[in-house]
Amino acid sequence: MKLIPIPTTKYENYRVNLMFDCYKWDPQFLDNNTIAKYALVLSQEEHKQLKQLTLDLDSETRMAEDYLNKSLKAAKALKLPKKITKEINSMRNYEPDKNIRLMRFDFHPTNDGSFAVSEVNSDVPGGYAEGSVMPIEAINAIGDDSYGFVSFGDALVDAIVNKVHRNGRIMLVHCTCYSDDRQVMQYLGDRLSNEGFEVIYGAADHVRFKDKRRIVYWMEMKEISML
C-alpha cells in the first residue's frame, strides 16, 4: 500500500475534473478541501486480501440475519429496539436471489500491517462514482497507465441489467436534501439511463404501499406511478 502524489501542476485540473466529470459535488467541507492530493494504490496481494475479507464478512452478515429471522429470541439478547424487532417478521419473505444486496465495509490499515473494519454501511453505501470514474482521472493525472482498477459501477449496473427488464422504470430513493446523496444517485441514474431504463429520483416519503404494491407519488411531475 502506498500513496502516489498527484503532480502539483495537474492537481487543479484533476480537482475540477472530479467535480464536473466524476460527480464529486462535495469537494469541500467548510473551508477545508476534501479531495486528496494523493492516490492510494494497493498491491495485488492487499487487493486479494480485502476482497476475501469482504466476501467473508458478507457471508457472516447474511447468516446472522437468517439466524435472527428464525430466532426472534436473539433480538432481545441483542437489545434491539422494539420497532426493529417488529419489522423482522416482514424480512422473512426476502428472497436474496431476486434482489441486489449492497453493503460497504469500511476497512482501515493498522500498525501491525493488517486491516480493521469499523462498520458496514448498508443503508446509503455511497462511493459509487469514487469507485468507478475517479480512478480513471487519478491514473490520467499520475500519467502511469500500468495501474489498474475494478469499476464498482460496471459491476452494479451489470447486476441490475441481469435482474431488471430493460426499458423498465427505476426509482432511485435517497435523501433528497443532501447533494452528497444525490451525486451518488445521479451517477447510477445516468448509467442506467444509458442502458435504456427510465429513471426517476425521489425520497422515501414519495413511496406508499397499497395492497402490497408500491405507488410512487412524484410531486414535481404530478405523476402517480405503479411499480
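Worth pointing out:
- Any hit, segment 152-160, residues being in the same structural domain as residue 10 (by TED's automatic domain parsing), surrounded by 11 or more Cβ atoms within 10 Å (Cβ to Cβ), more than 18 Å from the chain's Cα centre (by Cα) and in a helix (DSSP H, G or I): no
- Residue within segment 91-113 that is assigned to a strand (DSSP E or B), hydrophobic (A, V, I, L, M, F, W, C) and touching a Leu at 6+ places or on another chain (Cβ under 8 Å) present: yes
- Count - residues of segment 119-135 that are outside any loop (DSSP other than H, G, I, E, B) and touching a helix residue (DSSP H, G or I) at 6+ places or on another chain (Cβ under 9 Å): 2
- Residue tally, condition surrounded by fewer than 15 Cβ atoms within 10 Å (Cβ to Cβ) and not in a loop (DSSP other than H, G, I, E, B), over segment 17-32: 5
Results for (1) surrounded by 11 or more Cβ atoms within 10 Å (Cβ to Cβ); (2) touching a Phe, Trp or Tyr at 6+ places or on another chain (Cβ under 8 Å); (3) not small (Gly, Ala, Ser), shown as yes or no for each residue.
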{"site": "74", "(1), (2), (3)": "yes, yes, no"}
{"site": "77", "(1), (2), (3)": "no, no, no"}
{"site": "80", "(1), (2), (3)": "yes, no, yes"}
{"site": "85", "(1), (2), (3)": "yes, no, yes"}
{"site": "95", "(1), (2), (3)": "no, no, yes"}
{"site": "99", "(1), (2), (3)": "no, no, yes"}
{"site": "103", "(1), (2), (3)": "yes, no, yes"}
{"site": "115", "(1), (2), (3)": "yes, yes, yes"}
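- Residue under evaluation residue 138, criteria (1) among the hydrophobic types (A, V, I, L, M, F, W, C); (2) part of a helix (DSSP H, G or I); (3) closer than 23 Å to residue 197 by Cβ, criterion not met: (3)
- With respect to the conditions (1) under 23 Å from the mean Cα position of the chain (by Cα); (2) at pLDDT 95 or above, residue 66 lacks only one, and its number is (2).
- Residue within segment 51-60 that is assigned to a helix (DSSP H, G or I), over 30 Å from residue 112 (Cα atoms) and among the hydroxyl-bearing types (Ser, Thr, Tyr) present: no
- Considering residues of segment 33-52 that are closer than 14 Å to residue 139 by Cβ and in contact with a Phe, Trp or Tyr (Cβ under 9 Å, 6 or more places away or on another chain) only, the residue surrounded by the most Cβ atoms within 10 Å (Cβ to Cβ): 39
- Residue match in segment 86-104 (condition: of a type in the set (D, E, K, R) and touching a strand residue (DSSP E or B) at 6+ places or on another chain (Cβ under 8 Å)): yes
- Exactly one residue among 135, 125 is under 20 Å from the mean Cα position of the chain (by Cα), closer than 27 Å to residue 4 by Cβ and at pLDDT below 90, and that residue is 125.
- Residue in segment 157-166 that is among the hydrophobic types (A, V, I, L, M, F, W, C), closer than 18 Å to residue 18 by Cβ and touching a residue at least 24 places away in the same chain (Cβ under 8 Å) present: no
- Looking only at segment 173-197, and only at residues there that are more than 13 Å from the chain's Cα centre (by Cα) and either of a type in the set (A, V, I, L, M) or assigned to a loop (DSSP other than H, G, I, E, B) (or both), the one that is surrounded by the fewest Cβ atoms within 10 Å (Cβ to Cβ): 177
- Flag if residue 63 is assigned to a helix (DSSP H, G or I) and farther than 28 Å from residue 190 by Cα: yes
- Some residue of segment 102-122 being of a type outside the set (Lys, Arg), within 20 Å of the chain's Cα centre (by Cα) and within 21 Å of residue 196 (Cβ to Cβ): no
The values are calculated or read from the model by the stated rules, or taken from the named source; none is laboratory data. From a predicted model like this one, the values you see are computed outputs, not experimental measurements. So basically every Cβ, Gly included, is an ideal-geometry build from the backbone, and we count neighbours across all protein chains shown.
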